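Heads up, the thing below is written out as structure tokens.
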């Protein structure tokens, strides 16, 4: 047989298990492209056999990679050094370049608005013991929390080549983007109307061009 029946567990956007019937000679890079197109996934993805931490080489065909009938592959986002930690460490406020009249977050419960005027823009709460750590804090959620569940540096919003991105800073305290839990070391595209949840606080991202 020149085809394989496989199951792919697609972790981004919590899509879950999907069965596929593909050519044995299909290259890994082409299977990833098909997954991205079918499920409208942004960013870089990788495939790895279930239980394996090492991603499959993009240029290998499925049969060359040792993938057999009935196999289970895991599709996940590629972890990368985003450079955001270095920007936070440097503590420099960089301007939001581009034709944006206003960029802001709206807190859904009390409808408070938080303007983003620099990047990296930290979403979190004020550090009263060490005020020097508040320099990049753009969204202080202390006043809208019933309990202090938001980290001081919880999430971070950046701008690159005209597009906004969000990433989690404290992986132990989850950040969600449109119901998808963010993984540390990955920048997720952020579009107008996106819903962000940091601990018990829900925010909506807004851009006026």
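Laid out as a table, the results:
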read-out: Members of the stretch 39-54 found to be under 21 Å from residue 80 (Cβ atoms) and part of a strand (DSSP E or B), listed by number; value: 45, 46, 47, 48
read-out: Sole residue being in contact with a strand residue (DSSP E or B) (Cβ under 6 Å, 6 or more places away or on another chain), within 23 Å of residue 101 (Cα to Cα), surrounded by 13 or more Cβ atoms within 10 Å (Cβ to Cβ) and modelled with pLDDT of 90 or more, chosen from 141, 159; value: 159
read-out: Some residue of the stretch 24-34 being exposed (fewer than 12 other Cβ atoms within 10 Å of the Cβ) and either outside any loop (DSSP other than H, G, I, E, B) or modelled with pLDDT under 90 (or both); value: no
read-out: Criterion violated by residue 49 - all others in (1) buried (at least 16 other Cβ atoms within 10 Å of the Cβ); (2) at pLDDT below 95 satisfied; value: (2)
read-out: Set 98, 83, 124: member being within 20 Å of residue 182 (Cβ to Cβ) and surrounded by fewer than 14 Cβ atoms within 10 Å (Cβ to Cβ); value: 83
read-out: Subset of the stretch 1-12 [within 27 Å of residue 176 (Cβ to Cβ) and either at pLDDT below 95 or touching a helix residue (DSSP H, G or I) at 6+ places or on another chain (Cβ under 9 Å) (or both)]; value: 8, 10, 11, 12
read-out: Matching strands (runs of 3 or more DSSP E) fully within the stretch 97-198 where at least 3 residues are touching a helix residue (DSSP H, G or I) at 6+ places or on another chain (Cβ under 9 Å) and not assigned by TED's automatic domain parsing to the domain that holds residue 43; value: 153-160
read-out: Filter result for residue 77 (within 27 Å of residue 167 (Cα to Cα), touching a helix residue (DSSP H, G or I) at 6+ places or on another chain (Cβ under 7 Å) and at pLDDT below 95); value: yes
read-out: Hits in the stretch 162-180 - residues which are modelled with pLDDT of 90 or more and within 13 Å of the chain's Cα centre (by Cα); value: 164, 165, 166, 167, 168, 175, 176, 177, 178
read-out: The one condition in (1) assigned to a helix (DSSP H, G or I); (2) at pLDDT 90 or above; (3) exposed (fewer than 11 other Cβ atoms within 10 Å of the Cβ) that residue 70 fails to fulfil; value: (1)
read-out: Of residues in the stretch 28-70 being within 19 Å of residue 7 (Cβ to Cβ) and in contact (Cβ under 8 Å) with a residue 60 or more places away in the chain, the one nearest to the chain's Cα centre (by Cα); value: 67
read-out: Selection count where residues are surrounded by fewer than 19 Cβ atoms within 10 Å (Cβ to Cβ) and part of a loop (DSSP other than H, G, I, E, B), scope the stretch 199-209; value: 2
read-out: Residues of the stretch 13-36 classified as out of contact with any helix residue (DSSP H, G or I) (no Cβ under 8 Å at 6 or more places or on another chain) and under 16 Å from residue 77 (Cβ atoms), total; value: 9
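The values are calculated or read from the model by the stated rules, or taken from the named source; none is laboratory data. No experiment lies behind these values; they were computed from the predicted model shown. Cβ: placed from backbone, ideal geometry, glycine included. Neighbour counts: every protein chain shown.
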